[in-house]
Amino acid sequence: MLPGRLALLPPGSFARLSTLLDSHTPGSEVVNLSVGDPRGKVPAFVTEAIARHAYQFGEYPAVNGTCDWREAAAGWLRRRFALPVNSIDPDKHLLPLNGTREGLFMAPLIVTPDQKAGARPAILIPNPFYQCYAAASLASGAEAVFVPATAATNFLPDYAALPSSLLARTAAVYICSPSNPEGACADEAYWRTLFAAADRYDFTVFADECYADIYFDKQPLSALTARYGQSGNFARLLSFHSLSKRSGLPGLRSGIVAGDPALMAKFRALRNYAAPQVPMPILAASAAAWSDEEHVVANRAMYAERLQWAERYLGNRLPFRRPDGGFFLWLDVGNGEKAALRLWQEAGIRVLPGAYMGREIEPGKPETNPGFHYIRVALVQDLSTIRATLGRMGEILSETA
């Protein structure tokens with residue numbers, strides 16, 4: 001449907017899901033666990049802030065956001081990631097985003113040259129992957145290279161182990177921690193190894209950390225914390241954060257990009273052309289959300305309770321792996337597509353086959369897709385729905401196993 005290099009985009013995950021399921025009658029009332037769409041009550045302070053600042057919908061917002069937003073965002077980054085006060089300058093190290101996806105899509109445009117090491121530049125992407133990464137890489141003119149993230153690599157891509165010839169022409173890498181869909185978190189050794197490779201081969205790390213405040217046993221180590229501890233700066237790093245996941249506010253379309261001030265200057269210049277400013281009332285509500293932790297603690301506890309029920313209903317019936325963070329289950333069911341179809345036909349449960357987020361390592365061999373054996377289950381419905389659905393899911397999938 002799209003021209004030129006964008007014709008190489010992988011088919012959309014949810015378009016493929018519709019093709020798989022929608023010609024079949026669901027076996028019961030539909031419960032959608034396929035989309036990572038957080039559900040919850042909007043905090044009162046958010047709607048109050050929008051109402052107080054509604055008159056500012058009549059003003060053009062600045063690309064940099066408001067002073068209040070910058071101070072609130074910088075304060076949250078310092079507190080959450082244990083960064084020194086002088087490490088984050090609100091005017092140099094961060095920008096507001098119309099949601100994390102918008103920033104993740106635009107980021108390659110500021111770092112991808114026409115050539116690198118005498119060849120077409122590459123952007124490395126975890127496999128399975130968030131579809132935005134591939135679209136952004138191709139839009140920038142880079143070759144999208146899909147690097148397996150499997151149980152053998154702790155569900156994170158081992159970029160540093162790739163051939164030096166590929167790393168030499170790499171312009172950037174995407175890394176999601178906690179990862180979507182697997183819920184894996186990068187530790188200090190992982191970040192240090194990755195940044196050492198970035199320094200050696202001169203590429204940028206795009207750290208998608210939008211799930212950083214949804215964790216269970218311990219806080220994920222941020223790329224910002226790891227990089228600053230390693231080098232005393234944020235060189236070659238852009239870190240992305242979102243109120244969609246942290247605060248359960250996907251409709252607010254509000255996030256942060258933070259990191260290397262030289263890269264931020266380029267980002268700011270590009271955004272002055274593209275003009276994806278965040279409206280002033282949304283900035284006011286966002287500043288309030290970044291400044292409040294009480295609703296985040298409640299949000300995290302809600303997901304922890306859902307995970308406990310998932311372990312209870314599925315842990316003894318399937319090869320169940322407890323995620324480190326995020327709100328997805330990454331369940332090994334043998335054949336994700338067949339399991340998703342059966343759940344739909346027998347119970348109206350809509351989940352995403354893991355293969356729809358991945359690429360075959362060997363073309364023509366579906367089982368080489370790192371997501372082939374899995375389904376992704378989003379724990380985003382209310383608790384009573386989650387409990388009833390997981391119970392039925394466990395019955396069906398244990399019969400299949």
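Tabulated values for the structure
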read-out	value
For the chain: relative contact order, % (alpha-carbon pairs under 8 angstrom, 6 or more apart)	25
Percent accessible area from carbon and sulfur atoms, region 282-375, protein chains only, probe 1.4 Å	49
Student exercise, the chain dipole from Lys, Arg, Asp, Glu Cβ charges, in Debye to nearest 20	300
Over region 79-231, relative contact order from alpha-carbon pairs under 8 Å, at least 6 apart, %	23
For peptides 344-355, 227-238, sequence by mean Cβ density within 10 Å, most packed first	344-355, 227-238
Solvent exposure, largest accessible area first (probe 1.4 Å, DNA, RNA and ligands not counted), of Cys67, Cys185	Cys67, Cys185
Unit charges at the beta carbon, dipole of the chain: most positive-side option, Gly118, Leu249, Gly4	Gly118
Built amide H within the under 5 Å cut-off of Phe155, gap 5+	Thr150
Exposure rank, largest accessible area first [Ile361, Ile110; 1.4 Å]	Ile361, Ile110
Among Leu379, Gly394, Leu352 the positive-end extreme of the charge dipole of region 299-401 (Cβ point charges)	Leu379
Dipole magnitude of region 202-352 about its Cα centre (Cβ charges: Lys, Arg +1; Asp, Glu -1), debye to nearest 20	280
Highest to lowest packing among 88-96, 125-133, 310-318, scored as the average C-beta count within 10 Å	125-133, 88-96, 310-318
Integer Hz, Karplus 6.51/-1.76/1.60 couplings in order for region 116-124, x for Gly and Pro	9, 6, x, 9, 4, x, 10, 10, 8
Around Glu102: net Lys/Arg minus Asp/Glu count, Cβ-Cβ under 11 Å	+3
Average Cα contact separation per residue, region 123-174, under 8 Å, 6 or more apart, as relative contact order %	45
Mean ellipticity per residue at 222 nm, deg cm²/dmol - from DSSP H runs of n ≥ 4 across the chain, formula -39500 (n - 2.57)	-12000 deg cm²/dmol
Candidates Ala212, Ala122, Ala82: whichever shows maximal mean-square fluctuation once the chain is modelled as a Gaussian network with Cα springs under 10 Å	Ala82
Span-like helix ranges in the chain, DSSP H, alpha carbon extent 20 angstrom or more, Kyte mean at least -1.0	294-314, 383-400
Portion, in percent, of the accessible area of region 16-122 that falls on carbon or sulfur, probe 1.4 Å	53
In sequence order, calculated HN-Hα J values of region 365-370 (Karplus, 6.51, -1.76, 1.60; Hz; x Gly/Pro)	10, x, 5, 7, 5, x
Charged-residue dipole, Cβ positions (Lys, Arg, Asp, Glu), region 330-376 about Cα centre, Debye nearest 20	160
Under-5 Å amide H pairs with Val31, H placed in peptide plane, nonlocal only	Ile349, Arg350
Nonlocal amide H pairs with Gly326, under 5 Å, H built at 1.01 Å	Ile214, Tyr215
Under 14 Å, Cβ to Cβ, from Ala388 - net charge with Lys/Arg +1 and Asp/Glu -1	+1
Residue-normalised accessible area of the chain, expressed per residue, 1.4 Å probe, Å²	41
Summed residue charge, Cβ within 9 Å of Arg236's Cβ, Lys/Arg positive, Asp/Glu negative	-2
For the chain, share of DSSP beta bridges that run antiparallel, in % to the nearest 5	45
³J(HN,Hα) computed for each position of region 248-254 - Karplus, 6.51 cos²θ - 1.76 cosθ + 1.60, integer Hz, glycine/proline x	x, 10, x, x, 6, 6, 9
Cα gyration tensor shape of region 243-401, rounded if a/c is under 1.5, else prolate or oblate by comparing a/b with b/c	oblate
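The values are calculated or read from the model by the stated rules, or taken from the named source; none is laboratory data. The shown structure was predicted, so the numbers you read here are calculated from the model rather than taken from an experiment. Cβ sites come from the backbone with ideal geometry, for glycine too, and all protein chains shown count toward neighbours. For the accessible areas, the whole protein counts, side chains as well, though only heavy atoms, and no ligand, DNA or RNA atoms are used. Shrake-Rupley method; radii C 1.70, N 1.55, O 1.52, S 1.80 Å.
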